[in-house]
Each structure stands twice: as structure tokens, then as C-alpha cells.
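Shown next, in C-alpha cells, is the structure this report addresses.
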């Protein structure tokens, strides 16, 4: 193989017009060649490959840059060999006039710096980097220098950075080109990490202050990002005396300018205020809160008569997109802002007004962003979370599917936080609980009417939290009918199964024995005995989930025989599915208590062996029969001499919980004003009348 590659490389070197696919094949196979015969590959293949780089195509350079990184990552050659051969090719290729080739090799070099010894970086990479940062070099070279310096600082200690890197950093911060200044500004965070907190102030702050006041917006834009990253590395007196006033100045200037700096401030304001918080006075905190509120109103006519703190640039079609982006960033930063003002009840109430405005924004992406973080806001507000219930209801009823996509993944957490803070309770039904329940059902109906089956399935999964938040009677009257309706009538199988799992969870946590009996009866009569084979198959799928949800004692008492009887179903696919579950069913049995169930299982198995005709069922039956023969029957009292499995321990916990739930249901039931609905009320029309 090595000889073939050698010949191919000879053709490449001697024929510049050689087939491109041949060249790519050679370079891509280089790691495997090095792994099999390093010495021969280094002496015969690598030199010819290096020669071919001078005239190679862009695609070849991109493939080579990736291959060189792979060689170092996999340690196919020593660091010494790599630095003498491959590293030189990387550094030489940075001089290419093709920007695509330069970018590919630059990305490789940035990765290589992380892997090579510090001595190699200092001796071979740093000199080239500094030379590229000279003012006489092209703009792209100086930008390349900026990026390389940032990466090099992650490898150097503080003394080396101050002696060998800082002079070039300061020079680039003063560069005549704004793109160079912006790029070095973004690298200051890595320089700061290497310097340490004590050295940052004298070494970097003067440059940062100057960059934050730069006449070009792209430099000021970069300075905002850099300040966010630098805050953890700065001492408190530096933040209080230099950074906080600097940030306020940036915010004030951005409000008056017609550029994108306002967008990055809106994006990073949450991190900024939390980083500054410990050094701000009460009046300064109020200033930042009011500034945030003004940002959140950009592009929206103010309904208040009072004059705003800042007059932002006038609205025009060209600015509308920027305004929407600012409001969207403000929506994203709401949880951080609530943390920022959490110590002041007055400020929290003021911020709730802004929260309400953003949750009602006319642009759906702003509302979606609010929806994505509403669970975090509920967590931060704690006892005050009741004040966002109206916004939650509003978002649940939103007509935009995109908004619901942001809200639904965290509905469970949001409801849980509301329950923890007594906004909704399991022992009473009030107007708040009724409104939230109504909104949840409307949201579910909206999602069920879309083609987004993943979102519909997720909605049902999120509603599994209901027993911890809502009264049992309320769930039985409204959410159980909805779940059963979806099991029967939803089209996508994942949605029907998710609804089935929800139904089983609601059954398990139902507090009243009569209601539980009705629900189990409904499963058997309307699912297991349904004339539609697809519904019967859904019953089998639900039983697989029931084995995980209920304890083995509960399952054997209520579902075991019904599921076992499905092994004689008229449809082969259903029989095959049940047959595959027989080993799992047998593992649930304990002798002598479950002797009748074991006899039933063995009887069904004999019947299938003697009478089954379908070849697919027979194929499954053969392997299942062998597996059942190999399984040992479990005897009661065996647990005293045998170590319990994790599954046995979990099963015991489920049984204990079910006993407690049964005790609650048999005793004093949860109070509520919902009238009990009979099983004949489980229709979609009953759900519709609720909302």
C-alpha cells in the first residue's frame, strides 16, 4: 500500500494537473500510513506531499489542514517530529494569498497550539505571530496575529505574557484599522485569563477603556462582549470605579447612535448587571433597571405620559428589525434581571410590568423567547410567582405554534414552581387553578390540531406533573377525558402512546378507588376489547409502559391476565408483540402467590406452540420459549438469602407509594368543587365545553 501511495504522490509532484480525487485520497490516507509504517511514510511520502502543497488546489489544502491536526491529536508522530515537518508546512501555508486556504490553516494552527509543548509554541509560533502583527503587514495578517495571540495566551504564564505578548497586544489595540482593533479586543479575555486578576488592571484596562470609546461601532460592539468576559477576572474596586461608569457610558452612547451596539448591549445586559451587581449602589441599580425597561420598549409607542429616561433613535423601516432584536434579547434576559432586582420588592413589581409587555409583544419571536424562560422567572420569583400566572395563561393560549414550541418543554417545571409557592394547590379548586387548567387544555387542543406530533407528544409528557399540582377530582374530570380521547383518535402513534402514558400516570395518582376502578375498566373495555386492531395494539404498547409505571403487585392484580389473553388475538402482529413480552411477564411472578398466573402463562404458551400458524409469530415464539426455559422461577423468601436487584428495590418503592396513595384515597379525600363525572362523560365534547 505504501508503494502505491508513493507512486501516486510521484504523479502528483510531476504532474500538476493530476486527478484531484487521487490527491485527496493520498492526503486523507496519511494518518493510516503513519500508523502502519511511520519511518517509511516520513521518509518517502511526507516530503512529496509537502512539495505538492505549493501548487495544490484549495480542496487539497483544506483536506491537508484537517489531516495534520488529526496526526497530532492521535499522536502518530512525536512533538519533535511534528514541529520539524508538519508545523513548518502549516506556518508556510499561512502565507497563501487565497483567503480560504489561509483560514483553513489558521484554524488548524489554533488547534495545534493547544496540543504542542509551550516551548515549541514560544520558539516557532510566537515569532511568526508577532511578525504578522506589524503595521507594515496586510490587514488580514494583523487580524490573524490577533487570533493567534489570544490562543497563545491560554498556554503562557503571566510573566511570559507580560514580557513577550503584551507589547504586540497594545500595538494592535492602537491599530489604524477598526477590524484589527475589534479582533484584538475580542482576544483580551484570553490575555486577562493568563495574566491573573492583579495584573489585568495596569496591563489591559487602559486599552479596554479606549476601545470602548472607539469611534467605530464594530470596536465598541466587541468591547461590550469583552467586558462581559472580563468581569470575573476583575477586582471589586476596579469594577466599581472603572467598569461600572464605562458600561453606563456605553449604554448612554448606544441609545443615541444609529448602529448595532444597542443590540449587543441588549443581548449581554443580563450578564453585565449580574457581574456589576455587588459593586452598584441602589440608585445605580435603578438606573440599569430603567435602561432595561426602555430597551424592552424600543419600537413600541409608549402609553405613559411621563417622559422616558432616554430618547432612542426614531423609528423607521430600517430600524424596525433592530428594535425587534433588542426586545427579543430583553425577553431572553428577563430571568437575569429578576435576579438582579430580587432584593427590592418595588423593582420587582416594576420589572413585572415589562415582563407583561414582552409576553404580549406583537412579534411572535419576542413572545417565544419569554415563553422559553418563564419557568426560570417562576423559580426566581418564588412566593411572588403568582403574579405571572396571567402571563402563563396568555402564552398557553397563544395562537403561534412557535410560541408554544418555546413554552411546552418547560410547562412541567413552571407548574411545579407554581405549586411549590401555593399559587396552585392539590387541595382546592379556585379561579386561578380553573384558568390555568382551561389554558392547558386549550394549548393541548391547539397542538393536537397541528402536524407537529413531537410537540403534541411532549405536551402529554409535560402534563404528567399534574398530580403534584392539581386536585385529583379536577384531573379526573377534565384531563383524563382529554388523554383518553387522544389515545383513541389521535393519528400519530407517538402521540397516542404519550397520551396513553399520561392516562396511566393519572390513573396511578388518582385518589378515589371508585374512579380508579372506572379508569381501569375503561382501559379493558375500550382498548383491550376494541374491535379496531390498532387500538388493541396501543393497549399492548401501554402495558409495556405500565410495567414501568406500576409496581408488579398492582400490574399482576389488574393487567396481567388481560395482557396475557392478547396472545390469542386474531391479529398476528398483536400476538407477536405479546409473545415477546412473556419473559418480562414471567419475571414479575413469585411462587406460591402467583402460581395461578404462572399456570395461565404456561397454558397460553402451550396453546401457541401447538396451534400457532403464522411464521413470524413462530419465529419469535421459538426464541421466547428458549428464554423462558432458561429463566428460574422466583420463590417467596428467596430475597432473604439472595441479594435484591435494583429492579426489586424500585418495585418495592412503587408498591409502598401505591399503598400510601390507596390509604389517602380511602381516607379523607382532597377537597374541591368539581362535580364527579361518570365514565360515560369521557368524550371530546366534554373537554370542549370546559373552554
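None of the figures in this text is laboratory data; all of them are computed from the coordinates on show. Since the structure is predicted, the reported quantities are computational estimates derived from the model, not experimental observations. Here the Cβ is made from the backbone with ideal geometry for all residues, glycine too, and neighbour counts use every protein chain on show.
Structural remarks
- Here's the picture: a label point sits 7 Å out from the Cα of residue 627 along the beta-carbon direction, and within the range 502-544 the residues with their amide nitrogen under 14 Å of it are 544.
- Once the Cα-Cα distance is subtracted from the 0.36 nm per residue extended length, the residue 110 to residue 159 segment shows a gain of 15.5 nm.
- Radius of gyration (Cα atoms) of the range 566-668, expressed as a multiple of 2.2 N^0.38 Å: 1.34.
- Tensor-based shape of the range 323-480 (alpha-carbon gyration tensor, a/c under 1.5 rounded, otherwise prolate or oblate): oblate
- Efficiency of FRET between residue 134 and residue 39 - r from beta-carbon atoms, R0 35 angstrom, step 0.05: 0.30
- When Rg and Dmax of the Cα atoms in Å is calculated for this entry, the matching label among (1) 34.2, 93; (2) 29.1, 96; (3) 28.8, 101 is (1).
- In degrees, nearest ten, helix 453-462 long axis to first principal axis of the chain (Cα): 70
- Relative packing of peptides 473-486, 614-627 - highest average C-beta neighbours within 10 Å first: 473-486, 614-627
- Relative to the longest principal axis of the Cα atoms of the chain, the long axis of helix 513-523 lies at roughly 80 degrees.
- Between helix 58-73 and the chain: long-axis angle, C-alpha atoms, 0 to 90°, nearest 10: 70
- Its relative contact order, with pairs defined as Cα atoms under 8 Å and 6+ residues apart, puts the range 566-668 at 31 percent.
- Estimated distance in nm for a label pair at residue 529 and residue 544, the labels positioned 7 Å out from Cα along Cα-to-Cβ: 2.6
- Separation in nanometres of the label points that stand 7 Å from Cα toward Cβ, at residue 572 and residue 644: 4.4
- Here the relative contact order of the chain, from alpha carbon pairs under 8 Å that lie six or more residues apart, stands at 7 percent.
- Between the beta carbons of residue 277 and residue 659, assuming R0 = 56 Å, the FRET efficiency works out to 0.70 to the nearest 0.05.
- Stretch gain in nm, segment residue 356-residue 493, where the contour uses 0.36 nm per residue and the Cα spacing is subtracted: 45.6 nm
- Kirkwood-based Rg to Rh ratio, the range 221-301, C-alpha trace: 0.95
- Estimated FRET transfer efficiency (residue 235, residue 344; beta-carbon r; R0 35 Å; 0.05): 0.85
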